[in-house]
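Each remark here refers to the structure printed beneath this line.
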Amino acid sequence: MKSIIKSFCLIVFTAISMQSNAQKVFATKTGQLFFNASGGIEKIAAVNNQVDSKFGEATGQIIFGVLIKGFKFENQLMEDHFNENYMESSQFPKADFKGYIKNIKDIDFSKDGKYPANFDGTLTIHGVAQKVTTVGQVEVIQGKPIITGEFSVKIKDFGIKGLYIGEKIANEAKIRVNCKYQN
């Protein structure tokens, strides 16, 4: 009886291991996220070079995570105001996107090229989650993908308040993503 149980456990463990190994997972911790909320006369733009992202080749499931304090501005005072007055980054330290590349089957990771990608998921900023659907691109170079995309979000939809939104700060922020993955 013990040998039957051991054999059954071995078969189950092997099946689980094979399934988890079947999907190639790509990852990066050095992706880039740019945002621009310039309005009026003031340039309000920043970059974060520490985007943490993973996605599965077989399922298309994708996750992006970013620390708000990782955004760097040209002006230190603007960076301080961004973190303290608008994003409240001590209370809401990160933003993330969890979703899927809906047309993952159309992307050939064995062939270099540029492939359109349809993203669908939930973007959480400032503690507020909103559904997001956008298009981007997956470029494959020697089996390694680079994901790029651009979309806009309405600042007030994420509960971000501030005196200058709609004046010095645009009502919508343009977000651009550029992530080079390893496997």
* Structure fact -> By my count, strands (runs of 3 or more DSSP E) wholly in segment 41-132 with at least 1 residues that are small (G, A, S) and touching a Lys or Arg at 6+ places or on another chain (Cβ under 7 Å) are 45-56, 61-67, 113-125
* Structure fact -> Flagged pairs (Cβ under 6 angstrom, 6 or more apart or on separate chains; first in segment 20-33, assigned to a strand (DSSP E or B); second loosely packed, with under 12 Cβ neighbours inside 10 Å and at pLDDT below 95) are F26/N183
* Asked: Among the listed residues I11, I16, I41, I5, which satisfies the condition of being at pLDDT 75 or above, surrounded by fewer than 16 Cβ atoms within 10 Å (Cβ to Cβ) and over 16 Å from the mean Cα position of the chain (by Cα)?
  -> I41
* To do: Considering each of N36, N48 in turn, give the residue that is under 22 Å from V128 (Cβ atoms) and touching a residue at least 60 places away in the same chain (Cβ under 8 Å).
  => N36
* To do: Output the residue which, of all residues in segment 163-183 that are of a type outside the set (D, E, K, R) and farther than 22 Å from D96 by Cβ, is surrounded by the fewest Cβ atoms within 10 Å (Cβ to Cβ).
  => L163
* To do: Go through segment 154-183 and count every residue that is within 20 Å of T133 (Cβ to Cβ), among the basic types (K, R) and not in a helix (DSSP H, G or I).
  => 3
* Out of the residues in segment 51-90 that are loosely packed, with under 15 Cβ neighbours inside 10 Å and within 20 Å of the chain's Cα centre (by Cα), state the one that is farthest from F26 (Cα to Cα). => K72
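The values are calculated or read from the model by the stated rules, or taken from the named source; none is laboratory data. What you see is a predicted model, and the numbers here were worked out from it, not measured in a lab. As a convention, Cβ positions derive from the backbone with ideal geometry for all residues, glycine included, and neighbour counts pool all protein chains shown.
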